[in-house]
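J.: I have a structure I would like to understand better, so I am pasting it below and will then ask my questions one at a time.
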Amino acid sequence: MSAAPDWPWWKTGVVYHAYVRSFADSSGDGIGDLPGLTERLDYLGEDGLGVDAIWLSPIFTSPDKDFGYDVADYCTIDPRYGSLADFDRLVQEAPRRGIRVLLDLAFNHSSSQHPWFLESRSSPDNPKRDWYIWRHARNGRPPNNWQSVFGGRAWTWEEQTRQFYHHLFLPDQPDLNWRNPEVRRALMDVVRFWLDRGVQGFRLDVFNAWYEHPQYPDNPPKLGLRAYDRQAHIYDMDQPEMFESLAELRTLLDSYPESLAVGELLGRDPYCAARYCGDDKLHMVFNFEFTESPWSPRALLNRARRWEDALRETGWPCYVLANHDLPRLVSRVRRSDPDAHARLGAALLLTLRGTPFIYYGEEIGMADIRLSRDQILDPPGLRYFPFYKGRDGCRSPMQWDDSAGAGFTTGRPWLPLHPEHRWRNVLCQLQDSHSVLSFYRSLIRLRRRSAALRQGDFLPLGTGSRGGLAYLRRFAAEQAAVVLNFTPSNLRLRLEGLPASVRWTCALSSTQESEGSLDGGQVSLEPHEVAVFLAA
Ligand code: GLC
């Protein structure tokens, strides 16, 4: 059972999202760094968790107004994370464990401390003036009604040159002017710089906001909670010029073997995502549906189906359970048995059709930390994310062991450790064959040996009602059936459409006792059980 040789790794592989700042600190300053990450590669590689690639949150020089998403130099490593030599070492060591390295490029905006912006803001005649978006006031007011994602107007007045500049996020994150060919060239040079250093692709931060309408009209109103949501964003994103730039980027990526671009779409519409996927566009666009869907099989199935439908022609699905902007899975679903739900999440992530992205710590069922208002560090924090108290909660240090610094640091961690680290950590979960971590490892191993799980079609077996979910994955002669019980009780499920006359063997179950069967198109599941059957 092996992958067809012409299937690219980014379709068959598993990607791990390492939030570098919180992953492993080698220097004792309380901030995760590149040497720390390199030391932990064995944990992630083929003899460990078994992931195929790691995506590193931004590691470039940054004043950290938005923790790295405000870049002051795209081609240097922020000294807190290490040096270029440290980076080169990571890129050398990772492939020895079967791991590719992906970087995170925030190209919609730079930091206001980037030399490009410092020049641009210095005078209206500066050659870099047009590298950012400067507009005159409209009757003494901002040029239009555009709002910043982080709250307030998307325009800031510069008294020195008497113009406004545009920023979709913080005023410290001025938007780059993608209409200027010199800007595009400079950004493509950044892509080339890192590809030449051995990275195998990129996550593109809010890529669909790169272009704005050239006349800067007001966005029309719509219903929404926050000022930003009360506008239809038809002029400040998704502009037609995007496609030419994506094609240029793709041509560059394709000149390096097996490179990947996965985009973060601002907005959640799968049909909009599908427009950006294809051979001359992006490989994938993140699907965040599972980070906000009700935690019920029917709702999850409907969302998976919507993406399947939308991407049928051109795209390839991918799944995310959590990331550095959103609450962690177990904190979001808030059920009494968090490990059981972490396993259900893992099973969805790793057995649905598409590329799984695992946010660090999800594989041990980490929960968000709770902070008081005055402990919050994320600058947009409470204002933008009032419902779950900012984004720091999901960024707490990785829990490696039960020591005072959780094996993350010997110093004082930049964010508090979760108190659970005393018993929820990598070390103890590695020793427990029923831990969430062991379940992740087994699932990834099973995925590796089943072409049906990696590459197969997705066929729901039923509608996800009654608390159970079942689907078939089918690739050539190989078949896998996945069954999940979301309820805390025993469940008997009829699998509508399960191919008859196939002999199924249970390849994996999340409960120790079970040795289930699919005889007669029915399955009996224990509370919260997940099981994967392979056609013999
Ligand atoms: C993306 C990042 C987020 C950042 C924002 C602005 O949404 O995931 O962390 O704040 O872009 O760059």
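J.: Go through Leu49, Leu102, Leu90 for me and flag whichever is open to solvent by less than 10 Å² (accessible area, probe 1.4 Å) and in a helix (DSSP H, G or I).
T.: Details: Leu49 fails: in a helix (DSSP H, G or I); Leu102 fails: in a helix (DSSP H, G or I).
From the options Leu49, Leu102, Leu90, the qualifying one is Leu90.
J.: Can you tell me which of (1) within 26 Å of Val206 (Cβ to Cβ); (2) in a loop (DSSP other than H, G, I, E, B); (3) of a type outside the set (Ser, Thr, Tyr) is the one Asp29 doesn't meet?
T.: Only one criterion in (1) within 26 Å of Val206 (Cβ to Cβ); (2) in a loop (DSSP other than H, G, I, E, B); (3) of a type outside the set (Ser, Thr, Tyr) is unmet by Asp29, namely (1).
J.: Within the bounds of segment 366-375, is there any residue that is more than 16 Å from the ligand (Cβ to nearest atom), open to solvent by less than 50 Å² (accessible area, probe 1.4 Å) and either under 20 Å from Arg40 (Cα atoms) or aromatic (Phe, Trp, Tyr) (or both)?
T.: yes
J.: Would you say Phe202 is touching a strand residue (DSSP E or B) at 6+ places or on another chain (Cβ under 6 Å), within 20 Å of Tyr319 (Cβ to Cβ), at pLDDT 95 or above and not small (Gly, Ala, Ser)? Quick ask: steps written out before the conclusion?
T.: Values: touching a strand residue (DSSP E or B) at 6+ places or on another chain (Cβ under 6 Å): yes; within 20 Å of Tyr319 (Cβ to Cβ): yes; at pLDDT 95 or above: yes; not small (Gly, Ala, Ser): yes.
Here the answer is yes, as Phe202 does meet what is asked.
J.: Please find, among Asp254, Asp309, Asp269, the residue that is farther than 25 Å from Pro327 by Cβ, open to solvent by 20 Å² or more (accessible area, probe 1.4 Å) and in contact with a helix residue (DSSP H, G or I) (Cβ under 9 Å, 6 or more places away or on another chain). Give the steps one after another, and end with the answer.
T.: Working: Asp254 fails: in contact with a helix residue (DSSP H, G or I) (Cβ under 9 Å, 6 or more places away or on another chain); Asp269 fails: farther than 25 Å from Pro327 by Cβ.
Within the list Asp254, Asp309, Asp269, the selection yields Asp309.
J.: If you don't mind, another one. Being modelled with pLDDT under 80, farther than 19 Å from Lys65 by Cβ and under 20 Å from the mean Cα position of the chain (by Cα) is the filter here, so list the residues in segment 364-388 that pass it. Steps first, answer last, please.
T.: The first filter runs over segment 364-388 and keeps only residues modelled with pLDDT under 80, leaving 379-388.
Remaining after also requiring farther than 19 Å from Lys65 by Cβ: 386-388.
Answer for segment 364-388, where residues must be modelled with pLDDT under 80, farther than 19 Å from Lys65 by Cβ and under 20 Å from the mean Cα position of the chain (by Cα): just Tyr388.
J.: Need the failing condition index for Lys65 against (1) closer than 18 Å to Met188 by Cα; (2) open to solvent by 10 Å² or more (accessible area, probe 1.4 Å); (3) within 16 Å of the ligand (Cβ to nearest atom), just the number.
T.: If we test Lys65 against (1) closer than 18 Å to Met188 by Cα; (2) open to solvent by 10 Å² or more (accessible area, probe 1.4 Å); (3) within 16 Å of the ligand (Cβ to nearest atom), just (1) comes out false.
J.: Going through segment 160-210 one residue at a time, which ones are part of a loop (DSSP other than H, G, I, E, B) and either surrounded by fewer than 16 Cβ atoms within 10 Å (Cβ to Cβ) or more than 16 Å from the ligand (Cβ to nearest atom) (or both)?
T.: Going through segment 160-210, the residues part of a loop (DSSP other than H, G, I, E, B) turn out to be 160-162, 167-174, 177-180, 197-200, 205-206, 210.
The answer is Gln160, Thr161, Arg162, Asn177, Arg179, Asn180, Arg197, Gly198, Val199, Gln200.
J.: Out of everything in segment 49-98 that is among the small types (Gly, Ala, Ser) and more than 21 Å from the chain's Cα centre (by Cα), what residue ends up being nearest to Ser438 (Cα to Cα)? If you could, list the steps in order and put the result at the bottom.
T.: Pass one, segment 49-98, residues among the small types (Gly, Ala, Ser): 50, 53, 57, 62, 68, 72, 82-83, 85, 94, 98.
Then keep just the ones that are more than 21 Å from the chain's Cα centre (by Cα); that gives 72, 82-83, 85.
Details: Ala72: 40, Gly82: 32, Ser83: 34, Ala85: 34 Å.
Among those that are among the small types (Gly, Ala, Ser) and more than 21 Å from the chain's Cα centre (by Cα), it is Gly82.
J.: Condition first: within 34 Å of the chain's Cα centre (by Cα) and without any contact (Cβ under 8 Å) to a residue 40 or more places away in the chain. Now tell me which residues in segment 121-141 satisfy that.
T.: Residues satisfying the conditions are Lys128, Arg129, Trp134.
J.: Continuing with the same structure: Would you mind finding the one in Arg230, Arg226 that is more than 22 Å from the chain's Cα centre (by Cα), open to solvent by 40 Å² or more (accessible area, probe 1.4 Å) and within 16 Å of the ligand (Cβ to nearest atom)?
T.: Numbers: Arg230 fails: within 16 Å of the ligand (Cβ to nearest atom).
Exactly one residue qualifies, and that residue is Arg226.
J.: Further, regarding this structure: Can you tell which of Tyr276, Tyr235 is of a type in the set (Ser, Thr, Tyr), farther than 30 Å from His341 by Cβ, open to solvent by 40 Å² or more (accessible area, probe 1.4 Å) and in contact (Cβ under 8 Å) with a residue 12 or more places away in the chain? Steps first, answer last, please.
T.: Values: Tyr276 fails: open to solvent by 40 Å² or more (accessible area, probe 1.4 Å).
Of the residues listed, the single one that is of a type in the set (Ser, Thr, Tyr), farther than 30 Å from His341 by Cβ, open to solvent by 40 Å² or more (accessible area, probe 1.4 Å) and in contact (Cβ under 8 Å) with a residue 12 or more places away in the chain is Tyr235.
J.: Taking segment 5-34 only, how many residues are open to solvent by 30 Å² or more (accessible area, probe 1.4 Å) and touching a helix residue (DSSP H, G or I) at 6+ places or on another chain (Cβ under 8 Å)?
T.: 4
J.: Out of Thr355, Thr314, I need the residue that is open to solvent by 20 Å² or more (accessible area, probe 1.4 Å) and more than 16 Å from the ligand (Cβ to nearest atom). Which one?
T.: Details: Thr355 fails: open to solvent by 20 Å² or more (accessible area, probe 1.4 Å).
Result of the check over Thr355, Thr314: Thr314.
J.: Could you please let me know if Glu515 is surrounded by fewer than 22 Cβ atoms within 10 Å (Cβ to Cβ) and free of Cβ contacts under 8 Å to residues at least 12 places away in the same chain?
T.: Values: surrounded by fewer than 22 Cβ atoms within 10 Å (Cβ to Cβ): yes; free of Cβ contacts under 8 Å to residues at least 12 places away in the same chain: yes.
Taking the combined requirement at face value, the residue satisfies it.
J.: Taking the conditions exactly as written (within 16 Å of the ligand (Cβ to nearest atom), under 25 Å from Ser259 (Cβ atoms) and open to solvent by less than 10 Å² (accessible area, probe 1.4 Å)), does Ser110 satisfy them or not? Please lay out each step first, then the result.
T.: Numbers: within 16 Å of the ligand (Cβ to nearest atom): yes; under 25 Å from Ser259 (Cβ atoms): yes; open to solvent by less than 10 Å² (accessible area, probe 1.4 Å): yes.
Spelling it out, Ser110 is indeed within 16 Å of the ligand (Cβ to nearest atom), under 25 Å from Ser259 (Cβ atoms) and open to solvent by less than 10 Å² (accessible area, probe 1.4 Å).
The values are calculated or read from the model by the stated rules, or taken from the named source; none is laboratory data. What you see is a predicted model, and the numbers here were worked out from it, not measured in a lab. Please note: Cβ atoms are built from the backbone with ideal geometry, for glycine as well, and neighbour counts cover all protein chains shown. Quick note on the areas: whole protein, heavy atoms, side chains included, nothing else; ligands and nucleic acids left out. Shrake-Rupley method; radii C 1.70, N 1.55, O 1.52, S 1.80 Å.
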